[in-house]
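Since every read-out is calculated from the coordinates, none of them should be taken as a lab result. Worth saying up front: this structure is predicted, and the values here are computed from it rather than measured. Positions of Cβ are generated from backbone atoms using ideal geometry, with glycine treated the same way; all protein chains shown enter the neighbour counts.
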Amino acid sequence: MTFPDSNLSTLALAIKAWGRELGFAEIGIADVDLSHAEPGLQAWLAAGHHGDMDYMAAHGMKRARPPELVPGTIRIITARMNYLPQDAGDEWRDREEARNADPHNAAISVYARGRDYHKVLRARLQQLADRIRGEIGDFGFRVFTDSAPVLEVELAQKSGIGWRGKHTLLLNRQAGSMFFLGELYTDLPLPVDEPGGAHCGQCRACIDVCPTQAILGPYRLDARRCISYLTIELKGSIPEELRPLIGNRVYGCDDCQLVCPWNKFAERASLPDFDVRNGLDNATLVELFAWEEDDFNRRLEGSPIRRIGHERWLRNIAVGLGNALRQTPDAAPIVAALQSRANHPSELVREHVAWALAQHAAASAGQAQPDR
């Protein structure tokens, strides 16, 4: 299918307008040349910084070669969708930091408190493709929402949506980083957008604030130390040396985003899908630890959290409870909660509960020692 250049330019403008109608904050268009990203990807994988995420290496360099992933692809339509809840308020970062500082609270990443973004973005991108097809007829495309080997930050940067921050997330001058990314691989020869410049300057706030020092330097992340990896991607035992550094973060970590100056411009979601469910912005560790598997599955239906399963949910919260025991004089409710899971059928849960209870014993021993 061929179009005059003027028609393609008109179509590109229409696609951007249709995207906004569907709830996307911004649409960009990029070509498929990601050769500049291949050396960095290869070095990251060779260093083992992807940890147990074998899928990151399973497709070789297809991540950086869109036409190999989807034959016929010549353009990528990239999209960003804001997820900061509509009622977040102007002081949302201060509130989030206060929650992180209270050892009794369960800190859950803002993006995960509402509906699973994979479902929302996939459905909206499919609607965008349907709208295009309704205007021009059949064309080749494939939708991606963090579901296949796609270098989405590189593509978004290339399409002018933003730039890669030093924490490796995409940043936008008008919207910070509180948004999701999705892609539409297509065979339409649309005009491409110009990449924007980077605007981090000398700032290194995200590097300095990382609780586990997972950000090794500008644009260098060791996922094996990242709290989001440890609480979501890692299937086994959380390394003991990292457990005290996790604090009360039980699903993901927003620290590098909370401290980023650009997030004073973070935009609110246009869709209600990302409104908070189940009080996850105001829940305690003890409260969530009491959820049985049926409660977990029922309450978190349609939530991205459900993907880790009840076993890892308890693992993560046990670590948070153990950390709380070192910081609170009122240990009885936390100890009781942990002891209720001490004989859990899962060895993974039992191990982390035992570690948590040992933190109480260690804290009590330290308090009992006389002054020297």
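At-a-glance table
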read-out: Neighbourhood charge, 14 Å Cβ-Cβ cut-off, centred on Pro244 and excluding it, Lys, Arg +1 and Asp, Glu -1; value: +2
read-out: 10 Å-binned pair-distance histogram of region 243-293 (Cα, whole percent); value: 16, 39, 35, 10
read-out: Selected from Cys260, Cys226, Cys203 as most flexible by GNM, with the chain as the system and alpha-carbon contacts under 10 Å; value: Cys203
read-out: Centre separation in Å (Cα based) which lies between region 296-340 and region 250-277; value: 22 Å
read-out: Cα lying deepest toward the dipole's positive end in region 244-372, options Asn278, His360, Pro345, charges on Cβ; value: His360
read-out: Residue among Gln213, Leu151, Ala129 farthest towards the positive dipole end of the chain, charges placed on Cβ; value: Gln213
read-out: Neighbour-count order for Leu314, Leu357, fewest beta carbons within 10 angstrom listed first; value: Leu357, Leu314
read-out: Relative contact order (%) - criterion: Cα under 8 Å, at least six apart; region: region 1-100; value: 34 percent
read-out: Count of Lys pairs (Cα-Cα under 20 Å; at least 8 positions apart or interchain) in the chain; value: 4
read-out: Cα centroid separation - region 206-248 against region 50-99, whole Å; value: 18 Å
read-out: Fewest-first sequence of Glu351, Glu154, Glu91, Glu21 by Cβ atoms within 10 Å of each Cβ; value: Glu91, Glu21, Glu351, Glu154
read-out: Ascending count of other beta-carbon atoms within 10 Å, so fewest first, for Asp295, Asp193, Asp255; value: Asp295, Asp193, Asp255
read-out: Residue (of Gln86, Phe141, Ala47) at the positive-pole extreme of the chain, dipole from beta-carbon charges; value: Ala47
read-out: Proximal charge balance of Glu26 [Cβ under 9 Å; K/R count +1, D/E count -1]; value: +3
read-out: Net charge of Cβ neighbours under 12 Å - reference Val259; Lys, Arg +1; Asp, Glu -1; value: -2
read-out: Test item: Cα-centred dipole of the chain, Lys/Arg +1 and Asp/Glu -1 on Cβ, debye; value: 220 debye
read-out: Candidates Ala57, Ala43, Ala156, ranked by Gaussian network fluctuation over the chain, Cα under 10 Å, top entry; value: Ala43
read-out: Equivalent ellipsoid dimensions for region 146-275 as semi-axes, Å, which come from the Cα gyration tensor, largest first; value: 27, 18, 15
